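Just so it is clear, none of the values below were taken in a lab; they were calculated from the coordinates. Because the structure is a prediction, the values reported are computed rather than measured. With ideal geometry, Cβ positions are generated from the backbone for all residues, glycine too; neighbour counts draw on all protein chains shown.
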Amino acid sequence: MNQRELAAKFRKLGAADPEGWAQSQLEEGIPQLARFLFLRQAWRQVVEEGDCRWIDSSIERAKAHPDEPYAGVGHALKRLRARGATDEDITDVVRGMQAQFLFSLCYLLEDPGEIEPEVEDVGWVLAQVDGDGNVLATIAARGTKARKSVEHKASKPGCSPLQESGKPYSAPQAVSLPRYLI
């Protein structure tokens, strides 16, 4: 796929800077289409600004199933309303916390943070796969030891567009939220 076609795909999917995403994918070998789709889908899990409908459904769910896990959310929402909290204020707090969690999760994909020396070789990966589940590209966080050794290990063919292009393998780029998602 050439840059024009890839930019058109990003545009159709709603990317704010489709040419920039496409250029980065093709020139830097970063799986930007997969990153964009992951981030877009993750962001869709955050309560929409001004949407307060979720409050009533949470309260109703808690009434119907008061002992189920997280029913306390509905009970707490009902108490907040009774004490004068507006739906807009509740939504702003919840939306902000969801966004902060999403940012933290994306940063965790980039860097495992401070981990114990006994597990410095443990890491994780967010991977782009094809319809058969074969890994096409990765966006990874690796422990200190694993991050250092990745340059010395050969990966399975097809795991990274960087390898297929004949360029030396380097750790995949981290997930970060594009400015239009913030």
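Listed by Cβ neighbour count within 10 Å, with the fewest neighbours leading, 106, 52 appear as 52, 106.
Only the Cβ atoms of Lys and Arg (+1) and of Asp and Glu (-1) were treated as charged; on that basis the dipole of the range 1-128 about its Cα centre amounts to roughly 880 debye.
Relative to one another, the C-alpha centroids of the range 1-79 and the range 93-142 are positioned 16 Å apart. Rounded, prolate or oblate, given the Cα gyration tensor of the range 53-110, with a/c below 1.5 counting as rounded? Cα axes put the range 53-110 in the oblate bin.
Here's the picture: charge each Lys and Arg Cβ at +1 and each Asp and Glu Cβ at -1 in the range 53-110, and of 109, 73, 99 the one pushed furthest to the positive end of that dipole is 73.
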